[in-house]
Amino acid sequence: MNQALVYRRRRVAAGAAAALLVVLGFGVFGSHGEVPVQGDQLGPDVEESREAYIARVADSLADVDEDRYALVSFTAPLTAQQASDALADVPRVSAMIVGAASPVPLAEPVAGVTRADVFELEFRRIDTAIAGIGELKNPRTISAVVVYADGDVLRSLAARDEVVVVDAAPADAAWGSFGIRPLGSAG
C-alpha cells in the first residue's frame, strides 16, 4: 500500500477522533451558563389541593407593606375588559395566565391604550401562535395575573369578588427569579 495514502488515512482518522472528542466535551460539560435556581414559587405546591393552597396563603398579606409581586387568581376566568376593570387600581400587571398555561409577560399600556387593549393584543398573539395546530382554541379569558403593588393594593384586590386568592412573593423576589404555578394546576 502507498505510504502517502496510509498517512492521509491516519490524519483523517485523528481529525475525526479530535472532532468527536470536542462534540462529546460540549455534550458532557455543556456550553451554556447555569440556570438560576428558582427557590421562591407563587401558586400551589405540586400535590397541594386548591383548598389547602387558599388556606395556606390566606394570611400572607397581613404584614405586606412595600411593593412586591403577587399572583392574583380569579374566581372564574375573566374577559380582557373584566380583568382590566378588576385591576384598575393596580400600578403594574407583569403577566397574564390563560388557563393553566405559562405566564405571558405584558407591557404596560402607553398613552391612549387601556390595559384591556394590552390583554387583547396578547390574545391576538396567542391566536397567531396556535393557528393551524389541530383543534387548539384560545379561550380568550384570563385565569390569573402577576401584579406588582403595595400591601394596601394587594389587600384591596384580595377583597374583590372576582379574586379567589392573592399570593404575595417575598419582599426580595425579583421578576424572573421565582416560579409561578397557576391555581388551575392545583391537586
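See the values below:
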{"item": "Scan of region 62-85 for residues that are closer than 13 Å to VAL166 by Cβ and buried (at least 20 other Cβ atoms within 10 Å of the Cβ), ordered by number", "result": "VAL64, TYR69, ALA70, LEU71, VAL72, SER73, PHE74"}
{"item": "Within region 112-156, tally of residues that are out of contact with any Ser or Thr (no Cβ under 8 Å at 6 or more places or on another chain), charged (D, E, K, R) and in contact (Cβ under 8 Å) with a residue 60 or more places away in the chain", "result": "2"}
{"item": "Test: residue in region 167-186 that is surrounded by fewer than 18 Cβ atoms within 10 Å (Cβ to Cβ), hydroxyl-bearing (Ser, Thr, Tyr) and modelled with pLDDT of 95 or more", "result": "no"}
{"item": "Residue within region 38-57 that is out of contact with any Cys (no Cβ under 9 Å at 6 or more places or on another chain), at pLDDT below 75 and in a helix (DSSP H, G or I) present", "result": "no"}
{"item": "Residue selected from region 107-159 under the condition among the basic types (Lys, Arg) and out of contact with any helix residue (DSSP H, G or I) (no Cβ under 6 Å at 6 or more places or on another chain), by the criterion nearest to ARG92 (Cα to Cα)", "result": "ARG155"}
{"item": "Pair list, Cβ < 7 Å and 6+ apart or interchain, from region 159-181 residues that are under 15 Å from ARG56 (Cβ atoms) to residues that are β-branched (Val, Ile, Thr) and surrounded by 14 or more Cβ atoms within 10 Å (Cβ to Cβ)", "result": "VAL164/ILE54; VAL165/ILE54; VAL165/VAL57; VAL166/VAL72; ASP167/VAL57; ALA168/VAL64"}
{"item": "Identity of the residue in region 131-166, loosely packed, with under 12 Cβ neighbours inside 10 Å and of a type in the set (A, V, I, L, M), that ends up nearest to SER84 (Cα to Cα)", "result": "ALA159"}
{"item": "Complete set of residues in region 64-113 that are closer than 16 Å to ASP152 by Cα and outside any loop (DSSP other than H, G, I, E, B)", "result": "ARG68, TYR69, ALA70, LEU71, VAL72, ALA86, ARG92, VAL93"}
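The values are calculated or read from the model by the stated rules, or taken from the named source; none is laboratory data. It should be emphasised that the depicted structure is a prediction, and the values quoted were computed from it without experimental measurement. Note that each Cβ is placed from the backbone with ideal geometry, even for glycine, and that neighbours are counted across all protein chains shown.
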